Each structure stands twice: as C-alpha cells, then as structure tokens.
Amino acid sequence: MENLITLTIDNRPVSVPKGTNLLDAAASISIDIPALCHMDLKGTCVKNAPASCRLCVVEVEGRRNLAPACATMVAEGMVVHTNTARVIRARKTVAELILSDHPNDCLTCPKCSDCELQRLVKRFNIRKMTYEGAQSERKHEQTAAITRNMDKCILCRRCETVCNQVQTVGVLGAVRRGFDSTIAPTFDRMFKDTDCTYCGQCVAVCPTGALMERDNTDRLLDDLYDPEKIVIAQPAPAVRVALGEEFGYEPGTIVTGKLATSLRYLGFNYVFDTDFGADLTIMEEGAEILHRLRAYLGGDKSVKLPIMTSCCPAWVNFFEHNYPDLLEYPSTAKSPAQMFGAIAKTYWAEKMGIPREKLVVVSIMPCLAKKYECGREEFSVNGNPDVDYSLSTRELAHLLKRANIDFRTLPDSDFDKPMGESSGAAAIFGATGGVMEAALRTVYEVYTGQTLPRIEFRDVRGLEGIKEATIDLNGFDLKVCVAHTLGNARILMDKLRAGELNYHVVEVMACPGGCIGGAGQPYHHGNVEILKARTRAIYREDEGKPVRKSHGNPDIQELYKVFLGEPLGERSEKLLHTHYFNKSSK
Amino acid sequence: MKVSCEALRQVEAICEKFNNDPGELITILHETQNTLGYLPEEVQAVIARCLGIPAQKVYGVVTFYSFFSMVPKGKYPVSVCLGTACYVRGSDKVLEEFKRVLGIEVGEATPDGKFSLDCLRCVGACGLAPVATIGERVYGRLNPSDIKKIIDEY
C-alpha cells in the first residue's frame with residue numbers, strides 16, 4: 001500500500017495508510033477505543049466526526065495533553081497509549097460529566113440495553129452519579145413516526161450530520177449555547193411543522209434515547225387480543241434479512257420461515273407478505289414506465305421523463321416539500337405496503353366476507369416513515385386506513401421476546417395464500433437498486449417480448465451513492481439511474497430542475513443502502529459491514545426463489561384476472577395509484 | 001407581530017449586497033438587525049432562502065449569539081453587565097432595580113416600546129463596574145438607588 005505510516009499503540013507496532021485516525025489504526029490491531037460521538041459508515045457518505053465527546057482520549061508520548069483518537073491522525077514513529085491509568089481515569093470523568101445532566105431513568109428508557117452511553121457507563125465501571133448537576137428541561141414531542149426527548153441528548157451531533165450532510169433535509173441542528181444548547185428543528189418547531197421527511201436516520205444514529213421511533217407494540221397487542229378483530233401481517237423484504245440480529249444471528253442471516261411462524265405464534269390471523277405488494281408495484285410501475293416510454297418514442301414531447309420510483313415514503317415527503325414543481329415526474333404507483341393494504345381491504349376482505357372495520361392490516365417495516373405513511377389521508381376510506389399502522393423490525397423483535405417466543409428454535413413456515421406469494425424481484429426491493437432491477441426484469445420482457453438472457457443487472461447493485469446503467473431494449477438504449485440517501489436524490493432533482501437529467505428511469509431510496517439500512521432496523525451502531533451483509537442476504541433470497549420476475553408470480557396473474565383487470569386499468573388506477581401534494585414551506 | 005413586505009424587501013437587498021454569500025451570514029444578520037431592530041422568524045426565513053441554506057442554520061446562529069434578538073428592542077435598550085467584575089461589585093442588584101423600575105423581565109420590552117432590558121457580559125469598562133448601557137451611552141459605578149433617576153431622564 002502507498003504511504004504506510006508505522007507507529008506503536010499499547011506497545012504493539014502497527015502500519016496504516018497516511019491520513020488514518022488513531023481510532024481506526026487501533027481498531028486494525030483489535031484495540032477497541034471507546035467512542036460516542038464518532039460514527040463512520042465507511043463506503044457510504046455517513047460520517048460524523050465532531051470530536052466533541054472526548055471519550056476516545058489517548059496519551060501520545062511527547063504531548064502534554066490527552067488527544068482525541070478520532071481526530072488525531074497517525075504520524076511516523078508516534079507512540080500511543082490507550083489504557084494508562086491517566087487515560088482510563090480521564091475517560092471515566094468525561095463520562096461522569098456527560099451523566100451529570102442526563103436523566104437517570106435507564107430502567108424505563110426505551111433505549112435501555114441498546115444505548116451506547118449505557119454500555120460505556122458499564123464498561124467504565126461507573127457505579128454512582130458522581131456529579132449531580134442541574135437537569136436540562138427540553139422539548140418532548142411524539143409524531144406518528146419519531147419521538148423526541150432531548151433531555152437525553154448528549155450533543156454528539158450525529159443526527160444533525162445525517163439530517164444536513166447526508167439527507168440535506170436541514171431540519172435538525174444546534175441552537176442556543178452553553179448549558180441551554182440543544183438540537184432542535186427549525187425555529188424550535190415540532191417536526192410536523194418543518195420539512196422533516198420522517199426518514200428517521202436521526203433515530204438510526206442516535207446513541208441514546210433522545211430520538212426514538214413511535215412505539216406501536218401495545219396497540220398491536222390490544223388488537224391481537226380483541227376477538228372481534230381479524231389482524232393480518234405484512235412484513236417488508238428488508239425485515240427478514242435483519243430481524244435475526246436481534247436474536248443473536250450473524251448479520252445477513254435470512255429468517256423468512258421463522259418470521260412467518262413467529263407472526264403466527266404471536267396471534268396474527270393471517271400472515272401475508274409485503275413482497276406480494278412489491279410484485280404488484282412492479283406490475284403497475286412497469287406499465288407506467290412502458291406507457292411513458294412508448295409515448296416518448298412516439299414523439300410526444302410533453303411526456304415526463306425520467307419516471308421516478310415512489311415506494312419510499314421519506315423520498316415522497318422530500319420531493320413534496322422541496323420540489324413541488326416536479327410532482328409529475330415520480331410514478332403514481334403507491335408503495336408496496338399501501339398496495340397490499342388497498343387489496344387486502346377490498347379484494348381479500350370481500351372474498352373472505354370480513355367487514356372493513358373489523359380488519360386490521362399491520363405492516364412490519366424496516367422504516368419509520370412508513371408509520372407516517374399509514375396516516376396519510378389519501379390512503380384511507382372514510383377514515384379507515386388501508387394499512388392501520390406499522391411496526392419496525394426492532395419493535396417486532398421486542399414484542400416476540402415479550403410474548404415468550406423463542407425465535408431461534410422456531411420451525412420454518414410459509415406465508416399464507418394468496419397474498420403471501422412473491423417473486424425474487426420483490427425480495428430485492430430491500431436493497432438500493434432493487435426496485436430498478438425488479439422493474440427492468442419485467443419491463444425488458446414486456447417491451448421486447450423476449451426472455452431475458454441474464455436476469456441480474458449488476459450495474460445497479462452496490463453501495464455507491466449514484467449508479468447508472470444503460471440497457472439495450474431491442475436497439476433502444478434505456479438509461480437508468482439509482483440513488484440512495486436524500487442528499488444524492490437532491491443532486492438528481494437539482495439536475496432535473498435545470499433540465500440536465502438525461503435518464504429514462506430513476507430509483508430513489510432515502511436510507512443508506514436502501515431499506516436494509518432503514519431507521520426501523522436493528523441498530524448498526526456504525527458498523528457498515530452489517531449493512532453489506534444484509535444486502536448480500538437480499539440477493540441470496542432472490543436467487544433461492546423459483547419465480548424471479550414479478551409478472552411471473554401466479555397469484556399476481558390471478559389477481560389481475562379475477563379482480564383488477566389490466567395494470568393501469570380503471571380499478572388499478574383507483575386502488576393502486578396516488579397523487580402528490582405541494583408541501584413547500586416557501 | 002407581522003413584518004411588513006417592505007421590510008422583507010430591505011432584507012433581500014441586504015443579502016443581495018453581500019452577493020447572497022452564505023459565508024456572510026453573520027454580517028448580514030448584523031446589518032438586518034441594525035435596520036429592523038430585531039430578527040423575527042419571517043426575516044430569518046427570507047435570509048435562508050436568499051443564501052440557499054436551511055432556515056435551521058440561520059436560527060442556530062441567531063440563538064447562539066446573545067447580540068442577536070428575535071424580539072423587538074425598545075427605543076432605549078437597557079443592558080446590564082453581568083460580567084465577573086460588575087457582578088462582584090453588585091450588578092445583580094442593579095439589574096433587579098431596573099426590573100422593578102421598568103416593570104419587565106430580562107428579554108422583554110415595556111408596553112409603550114420605550115425601554116427593553118437585557119444582560120450582557122462585559123463592555124470593556126470594568127474599571128467603572130458595575131456598568132449598564134442605555135443605547136450607546138454607558139453608565140458606570142452604578143448604585144441601585146441611581147436607577148430611578150436615570151430612567152426618568154428618558
């Protein structure tokens with residue numbers, strides 16, 4: 001490797017590339033320096049390095065003061081000590097000072113046992129509140145998706161970094177100074193009065209219980225134990241490759257069969273699959289892509305291209321708030337979860353003779369914005385929502401433990417029919433590029449009338465922020481682009497506004513890595529390898545499916561035959577498509 | 001209180017004068033406050049739009065510096081120094097007396113808009129401690145018993 005620097009950490013030699021910080025250099029020889037504010041999801045654009053918590057201090061020979069390992073770069077011949085008495089005592093004092101105005105309520109805190117501050121308190125052997133200072137009294141808020149209790153904030157600024165640098169939403173940031181300083185939305189408003197998209201990435205990176213999801217587990221318990229109600233489940237593609245982590249499985253373990261069994265044991269009357277909704281999305285969105293392409297190739301200059309995916313509710317919020325002039329570009333197709341809800345409460349409910357008000361549709365999502373999406377008015381009929389509410393992957397794991405279900409020993413089972421059948425194309429919705437690949441598998445075959453020679457589109461896979469590919473459709477070069485994180489989406493939308501975005505189809509997902517990196521997933525605690533393992537699992541799930549194209553799903557074909565008619569037909573338009581609103585605050 | 005359209009045009013002109021450069025945010029806030037007397041939300045939102053930055057950023061800066069104010073100041077803004085030198089020489093009692101005489105709390109203005117009351121940390125006249133300023137004028141070696149007389153001058 002180029003420019004290797006050799007130094008000594010805890011009497012052990014280590015060679016690392018120039019520009020490496022001491023935290024990473026130590027980690028390369030299995031020395032785990034504690035850090036709290038620092039977070040670096042390598043290979044993505046998520047990086048928070050304010051060097052503000054000072055918990056990672058180390059002793060560097062020749063320097064008078066302790067140095068923060070996260071912000072100190074390696075130098076040739078440097079001699080570093082990470083565990084001297086001075087360092088260990090200083091670290092403990094720093095943690096004790098952080099605790100001095102922290103609410104001492106770990107027992108009932110929703111983040112208990114997943115809290116990074118709590119872990120460090122245990123690790124540093126802090127057994128009493130050494131400094132009991134004034135307590136901060138800051139705003140509390142509960143939205144449909146996110147709860148905020150800034151008394152628990154330790155000012156690590158991770159949320160501010162993801163909200164501004166990564167997502168470019170610009171809602172959360174530091175206000176005031178000194179003891180009064182806090183992280184707050186614009187003008188100290190409530191989230192609902194800002195441009196917040198509810199992507200929840202602030203929750204995904206928060207080390208403490210300051211930012212959390214809105215908990216729906218008790219609401220679900222009430223419904224499950226109500227004999228009057230029929231409660232049905234639909235878990236998203238990304239849930240089955242991450243849920244296992246909560247039960248001690250290696251990241252990337254596929255637990256689809258156990259997931260279905262566990263939901264049944266929990267008391268759901270029927271256990272279906274959002275993947276069915278994903279196949280339906282491809283049918284509708286694919287038809288829309290073909291419709292716009294044919295119009296464009298037929299010389300219609302008014303057709304809006306690129307067509308953009310619309311599965312991700314945070315992305316929908318983002319363009320409604322920031323690009324109200326471009327609302328005609330995104331596909332009108334609802335998200336898979338909402339399509340599922342619309343079909344469950346019409347076609348399936350009628351078939352089963354269940355009145356709408358007795359049917360409760362619950363989605364299990366890797367996402368927090370989905371909680372908000374359920375409450376959008378246009379997704380309800382006479383005040384009764386198509387999807388009643390949503391639980392995150394984490395909430396499901398907690399509930400299973402609460403219900404005495406020993407997940408690891410569960411037998412595998414299949415989802416119920418008919419809305420539990422799905423293709424490999426639906427499975428990959430959970431990773432960035434997945435919806436694009438799924439759409440291409442169908443669009444190619446319908447457009448050309450030929451079978452795909454190679455089903456995988458590898459150019460649209462992977463963690464790169466913006467990916468592009470060109471697909472030969474019988475001599476027509478279809479140009480596609482895939483972006484994840486809203487910051488990358490903004491780059492594309494600014495180009496579109498300037499008339500410089502030359503693609504036909506664009507996929508956007510708000511979270512890093514797509515839904516596998518969603519804010520409702522088990523916490524990654526800054527380890528990007530977890531996201532990569534989940535992504536690999538998503539593609540393994542696809543490979544293991546007998547049907548790998550959405551239009552090949554026999555139950556989808558049946559649904560169109562007996563109920564919907566054609567994609568983009570009258571009934572499909574009514575049930576499976578939506579419209580967007582100008583939510584600009586300017 | 002609603003900011004007039006004319007005032008918002010003035011704010012846009014100030015941003016324009018500094019080429020709508022986000023690096024000039026503090027200078028722009030200074031000049032805007034000098035012009036309008038304060039920096040309400042609508043004004044901050046206009047500045048954010050002109051500079052192409054989130055309103056949250058502007059709000060963060062406005063709330064960080066005690067010089068910036070989101071409420072209108074009185075015609076005669078009173079500031080009592082609570083810096084170390086003034087404090088040990090009894091400026092807390094001076095502040096209490098201003099509150100009593102004006103009948104307002106820190107950060108407020110009198111109903112007639114004549115006076116507003118704030119605290120600050122050091123005006124660089126520690127030799128005259130305790131110190132208060134009214135507008136541009138500095139009053140030193142203050143005693144709580146002086147306050148009524150000073151206010152009556154205005």
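The values are calculated or read from the model by the stated rules, or taken from the named source; none is laboratory data. Just so we're clear, the structure is a prediction, and the values are computed from it rather than from any experiment. Don't worry about glycine lacking a Cβ; one is built from the backbone with ideal geometry, like all the others, and counts go over all protein chains shown.
Listed values, structure above:
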| item | result |
| --- | --- |
| Residue satisfying all of: in the stretch B:43-56; touching a Pro at 6+ places or on another chain (Cβ under 8 Å) and within 11 Å of another protein chain (Cβ to nearest Cβ); surrounded by the fewest Cβ atoms within 10 Å (Cβ to Cβ) among these | B:Gly52 |
| Failed item, numbered, when B:Phe67 is tested on (1) within 14 Å of another protein chain (Cβ to nearest Cβ); (2) within 30 Å of B:Pro144 (Cα to Cα); (3) not in a loop (DSSP other than H, G, I, E, B); (4) not β-branched (Val, Ile, Thr) | (3) |
| Breaking point among (1) within 23 Å of A:Arg176 (Cα to Cα); (2) in the same structural domain as B:Thr133 (by TED's automatic domain parsing); (3) of a type outside the set (Phe, Trp, Tyr), for B:Leu25 | (2) |
| Exclusive hit being more than 18 Å from A:Cys311 (Cβ to Cβ), without any contact (Cβ under 8 Å) to a residue 24 or more places away in the chain and among the basic types (Lys, Arg), set A:Lys583, A:Lys574 | A:Lys574 |
| Which numbered condition A:Leu155 misses (of (1) in contact (Cβ under 8 Å) with a residue 60 or more places away in the chain; (2) touching a Phe, Trp or Tyr at 6+ places or on another chain (Cβ under 8 Å)) | (2) |
| Close pairs from the stretch A:417-431: first over 12 Å from A:Arg240 (Cβ atoms), partner aromatic (Phe, Trp, Tyr) and outside any helix (DSSP H, G or I), Cβ under 7 Å, at least 6 apart | A:Met419/A:Phe272; A:Gly420/A:Phe272 |
| Search result, residues across the stretch A:51-69 that are among the hydrophobic types (A, V, I, L, M, F, W, C) and either loosely packed, with under 13 Cβ neighbours inside 10 Å or farther than 26 Å from A:Ile154 by Cα (or both) | A:Val60 |
| Filter result (on the phi < 0 side of the Ramachandran plot and surrounded by fewer than 16 Cβ atoms within 10 Å (Cβ to Cβ)) within the stretch A:351-374 | A:Lys351, A:Met352, A:Pro355, A:Arg356, A:Glu357, A:Lys358 |
| Matching residues in the stretch A:110-140 - criterion: being more than 27 Å from A:Leu66 (Cβ to Cβ), in contact with a strand residue (DSSP E or B) (Cβ under 9 Å, 6 or more places away or on another chain) and in contact (Cβ under 8 Å) with a residue 40 or more places away in the chain | A:Pro110, A:Lys111, A:Arg138, A:Lys139 |
| Filter pass, A:Leu391 being under 20 Å from the mean Cα position of the chain (by Cα), at pLDDT below 95 and not acidic (Asp, Glu) | no |
| Residue among A:Glu76, A:Glu59 that is over 29 Å from A:Ile466 (Cα atoms), of a type outside the set (Ser, Thr, Tyr) and touching a His at 6+ places or on another chain (Cβ under 7 Å) | A:Glu59 |
| Among residues of the stretch A:437-455, those that are among the charged types (D, E, K, R), assigned to a loop (DSSP other than H, G, I, E, B) and buried (at least 16 other Cβ atoms within 10 Å of the Cβ), counted | 0 |
| Qualifying residue in the stretch A:523-544 (condition: more than 14 Å from chain B (Cβ to nearest Cβ), among the aliphatic types (A, V, I, L, M), surrounded by fewer than 21 Cβ atoms within 10 Å (Cβ to Cβ) and over 24 Å from the mean Cα position of the chain (by Cα)) | no |
| Every pair of residues 6+ apart whose Cβ atoms lie under 9 Å, when the first sits in the stretch A:80-106 and is farther than 28 Å from A:Ser181 by Cβ and crowded, with 18+ Cβ neighbours inside 10 Å while the second is modelled with pLDDT of 95 or more and among the polar types (S, T, N, Q) | A:Val80/A:Thr8; A:Val80/A:Thr72 |
| Subset of the stretch B:23-42 (residues that are within 12 Å of chain A (Cβ to nearest Cβ) and in a helix (DSSP H, G or I)) | B:Glu41, B:Glu42 |
| The stretch A:536-577, residues that are β-branched (Val, Ile, Thr) and not in a helix (DSSP H, G or I) | A:Val547 |
| Within the stretch A:565-586, tally of residues that are away from chain B (no Cβ under 14 Å) and of a type in the set (Ser, Thr, Tyr) | 3 |
| Among (1) within 14 Å of chain B (Cβ to nearest Cβ); (2) polar (S, T, N, Q); (3) more than 21 Å from A:Phe318 (Cα to Cα), the one test that A:Thr208 misses | (1) |
| Search result, residues across the stretch A:247-267 that are surrounded by 20 or more Cβ atoms within 10 Å (Cβ to Cβ), among the hydroxyl-bearing types (Ser, Thr, Tyr) and within 19 Å of the chain's Cα centre (by Cα) | A:Thr256 |
| Conditions (1) within 13 Å of chain B (Cβ to nearest Cβ); (2) surrounded by 17 or more Cβ atoms within 10 Å (Cβ to Cβ): number failed by A:Gly200 | (1) |
| Residue match in the stretch A:141-157 (condition: within 14 Å of chain B (Cβ to nearest Cβ), in contact with a strand residue (DSSP E or B) (Cβ under 8 Å, 6 or more places away or on another chain) and within 21 Å of A:Met39 (Cβ to Cβ)) | yes |
| Pick from the stretch A:158-186, criterion more than 10 Å from every other protein chain (Cβ to nearest Cβ) and within 19 Å of the chain's Cα centre (by Cα), ranking: farthest from A:Val203 (Cα to Cα) | A:Gln165 |
| Selection count, the stretch A:70-115, where residues are over 23 Å from A:Leu155 (Cα atoms) and not aliphatic (A, V, I, L, M) | 7 |
| Qualifying residue in the stretch B:109-117 (condition: under 19 Å from the mean Cα position of the chain (by Cα), surrounded by 16 or more Cβ atoms within 10 Å (Cβ to Cβ) and of a type in the set (Phe, Trp, Tyr)) | yes |
| Hits in the stretch B:59-81 (condition: touching a Leu at 6+ places or on another chain (Cβ under 7 Å) and of a type in the set (A, V, I, L, M, F, W, C)) | B:Val61, B:Val62, B:Phe68, B:Met70, B:Val78, B:Val80, B:Cys81 |
| Scope the stretch A:186-232; condition assigned to a strand (DSSP E or B) and of a type in the set (A, V, I, L, M, F, W, C); matching residues | A:Leu211, A:Met212, A:Ile230, A:Val231, A:Ile232 |
| Which numbered condition A:Gly517 fails, given (1) in contact with a Leu (Cβ under 6 Å, 6 or more places away or on another chain); (2) within 14 Å of chain B (Cβ to nearest Cβ) | (2) |
